[in-house]
Each structure stands twice: as C-alpha cells, then as structure tokens.
C-alpha cells in the first residue's frame, strides 16, 4: 500500500526559518518519525520548500517527491497532486503530526476512514468529528456537538480524488471540506486510534511532543530502577545520538556489552567503586538499543536475541569479577553460583510464562551490584552479601511468578 505525506504547508505559527516538518523532535526531524514508521509502504511526499526536497533526497532517496508550487491552495490541493501516482487504497498522513507506533498497525477498511481519538493536546484548534453509527456524519473545526478529534491520519479510497476534482477550481481546497462532502454521502468511517498523537503547530506543541516521544520509549517490562532512574538518562542519550545512522540498536547492544566487560575487568583489578559505577552505566546503555529500535522502527528478532545473549554474557563476567575481587572461599563460591543463577533462571522463567516481577529484573540486579561494590570498598564482605542478595531477590521473584502463573492457570481451567 502507498502512503502519502503532506509536507507543503507554510507553517507560519512556528516562527522559524526552517520548514516545520524538519524541526528537531527527539533527535530527528518531525517528518522522519512518520517516514520510518511507514517504511514498509511506498511513500510519496508532497512538498513545497526546497529544504524538504534536499533532506528527503539525501536521507530517503527511494521516496517519490511531488512539488507543490501553490501551497496557498491548502492541503486538499497537495493531496490532489498525488492523484496520478495512486492506483488503489492509500494512507494519508500529515508531516507536522507525531503519531505513536500503534497508529501504523492498521487493517484495510471498506471505506475512507478517519483515525479519531478522545484525546487532544489542543482542543480549540483541533478538527472535530461527529459520528452516526459506524460512519462519520460531520467533520470540521466549528462543530459544537462532537464525539472525537480528527488525528490527521487517514485510510483513503481512491474516490477521494473525484471529490477534489469537483472543487479544484477554487482558490483553496481544505481536506476537512473534502471529508465533509464524503461524510454527507455516507462514505467516511472512523477508527478509534490506540495511541497518542499531537499536531505540532507551536513551539509549546513541540515540547509536548518531546515528552510524548520520551514516554513512549518506556515499556511494560521496565523494572523499578529502569523506570525511575535508567530511562531518565538513557532517553537523553538516545535523543543525542538518534540523528546519526551509524548508531543502530545492535551497535548500542555491543557498546553495552563492552561496558559490562570493562566493569568485569575493573572488578578483577580490585577497583570496586569504578567497577560498580560502570556496571550501572552498562544497565543504562542497555536501554538505548531498544529505544533506538523503537524510535527508528528498526526492531528485529535477531536484535532481541542478540541483546538477551550479550546481557547474560556480561552478567556472568561481572559476577565472576566480583568473585575474584573478593577471593575464593566456600561462601564466596556458593554466592557466585547463586548470583549467576539469578541472571539466567528469571529470563528462562519469563520465556516460559511471559511474567516478570519489578524487583528481580536486570536493572535491579545491576543497580544492586553498583551499591554493593561501593559499600564493599569500605567493607569487602559486602561483595559476598551482594551476590547472596541477587540470588534471594531472583528466587523470591520466581516464587511469586510461579504462584501467579499457577493461580491464573487454575482459574482458567475452572472456567
């Protein structure tokens, strides 16, 4: 399916010389966020500013570019210019909007469909949508009695060009007017979007979009340390490096792995405080690979396996370094194997059950190692206590998971 991105607006309210679609949003131009999420589609960009043309040709040469020499004729005219390059259903997206990933996981629809939402950052300026059953009855900014907000994301049937054809002699052609005509004929459906979005019209909107992007990089798998400490740092790192193509998710996985190796070496050398701090740095950088994968739409099955494998290897080397830093005794060797199993078994249990606990994940383990290493600089016995603590946290989490899994399975079997 083809996807059309409209990028020929004048963007007067932003008060900047740079075209609005090229303004920086979390390390990348606004338009690039949508382009990357539409990579599985054949993309067409309708533009006016030469800077946009230059950017697209350099970064995404495979994209079809269409020049609009009359941007004052509004976005309906911009869409009409793509008519000769569209032969079937297509997606329509605004270049100055940010959409979360769920928007782009859409099915095919039997009619032109507006993606709508109950939420909007600027209700006064938003286009409103009134529904009647499974169809849109009204769409426009001046509607008083409305049900949803128009997100600027559409699934379009090719017949939309016929409606634009009827009005192409007008001085301006607004998409909202075209959709209003389609709605009067009962040809517009709606889909309630599952995800956050924002129309970026002002600098304040851009700041809000930054927060939305940062929040979208967290996952339900985050533990208490990752959620409250690591993400606050890793997202800042990701924002700084997202603009560079060579910073891929796999490269960040490798950097995190070698940071773990460095931590192990520092433990071997008896440099406990630097080793502990480097261990926590390893944990922070470990979040960047997933963040880059999500923000750049570069998630792969190999990347997930590679990340998990290097995490286990780094954990083994760090705990081994702790053993050498303390010395070989019966208690330290037992503690080592207890801590080592704390790295392996929870991951195995998660693989089997799909369940985690917030206090036995890798983020908590590596943070505990940092705290233990710093204290061990003054009281070396804390290295052993830390390894024991890692094991106890892990096995406590496993017991809780297995109980919940057993309980859920029992309820399911009774039903």
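Under the shape rule built on the C-alpha gyration tensor, where the axes satisfy a ≥ b ≥ c, region 1-118 is rounded, since a/c falls short of 1.5.
For q values of 0.12 Å⁻¹, compute log₁₀ I(q)/I(0) with the Debye formula on a Cα-only model of region 207-279, without solvent. Per q value, in the given order, log10 I(q)/I(0) is -0.45.
To the nearest 0.05, how large is the calculated FRET efficiency for residue 106 and residue 329 if R₀ is 56 Å and r is the Cβ-Cβ distance? Given R0 = 56 Å and the Cβ-Cβ separation, E is 0.40.
Packing order of peptides 323-331, 260-268, 85-93, 399-407, highest average first: 260-268, 85-93, 323-331, 399-407 (average count of other Cβ atoms within 10 Å over each peptide's residues).
Helix 382-414 and the longest principal axis of the Cα set of the chain meet at an angle near 50°.
Extending 7 Å from Cα along the Cβ direction at residue 345 and again at residue 232 yields two label points whose distance is 3.3 nm.
In the chain, the longest principal axis of the Cα atoms and the axis of helix 272-295 are about 20 degrees apart.
Hey, with R₀ at 35 Å, roughly what FRET efficiency would residue 1 and residue 313 work out to, going by the Cβ-Cβ distance, to 0.05? So, using R0 = 35 Å, E works out to roughly 0.30. Extending 7 Å from Cα along the Cβ direction at residue 143 and again at residue 18 yields two label points whose distance is 3.5 nm.
Each of 41, 33 was scored by other Cβ atoms within 10 Å of its Cβ. Arranged with the fewest first, they read 41, 33. Judged by the ratio a/c of the largest to the smallest principal axis of the C-alpha gyration tensor, region 218-414 counts as oblate, that ratio being 1.5 or greater while a/b is no larger than b/c. Taking the DSSP beta bridges in the chain as the whole, what percent of them are antiparallel, to the nearest 5? So the antiparallel bridges amount to about 50 percent of the total. The calculated P(r) of region 12-80, using every Cα pair and 10 Å bins from 0, goes 18, 52, 29, 1 in percent.
Expressed in units of 2.2 N^0.38 Å, where N is the residue count, the Cα radius of gyration of the chain is 1.21. Computed from the mean reciprocal separation of all distinct C-alpha pairs, what Kirkwood hydrodynamic radius does region 108-177 have, in Å? Answer for region 108-177: a Kirkwood hydrodynamic radius of 13.2 Å. Multiplying the residue separation of residue 269 and residue 167 by 0.36 nm and removing their Cα-Cα distance gives an extension gain of 29.1 nm. Per residue of the chain, the DSSP helices (runs of n ≥ 4 H) give a summed -39500 (n - 2.57) that works out to -16500 deg cm²/dmol at 222 nm.
Here the calculated FRET efficiency for residue 158 and residue 407, from their Cβ-Cβ distance with R0 = 45 Å, stands at 0.30, rounded to the nearest 0.05. Each label was represented as a point 7 Å from its Cα along the Cα-to-Cβ direction; for residue 51 and residue 248 these points are 3.1 nm apart. Angle of helix 330-353 to the longest C-alpha principal axis of the chain, folded into 0 to 90 degrees and rounded to 10: 30°. Using only alpha carbons, region 57-159 has a radius of gyration to Kirkwood radius ratio (Rg to Rh) of 0.97. One way to sum up the overall shape of region 150-255 is the equivalent ellipsoid from its Cα gyration tensor, whose semi-axes run 41, 16, 14 Å, largest first.
Computed from Cα atoms alone, the Kirkwood hydrodynamic radius reported for region 2-206 is 17.1 Å.
Among 351, 48, a tally of other beta-carbon atoms within 10 Å of each Cβ gives an order, fewest to most, of 351, 48.
Sorting 376, 95, 332 by the number of Cβ atoms found within 10 Å of their own Cβ, with the fewest placed first, yields 332, 376, 95.
No lab work stands behind these numbers, since they all come straight from the coordinates. This structure is a prediction, so every number in the text was calculated from the model and none was measured. Note: ideal-geometry Cβ built from the backbone for every residue, glycine included; neighbour counts use all protein chains shown.
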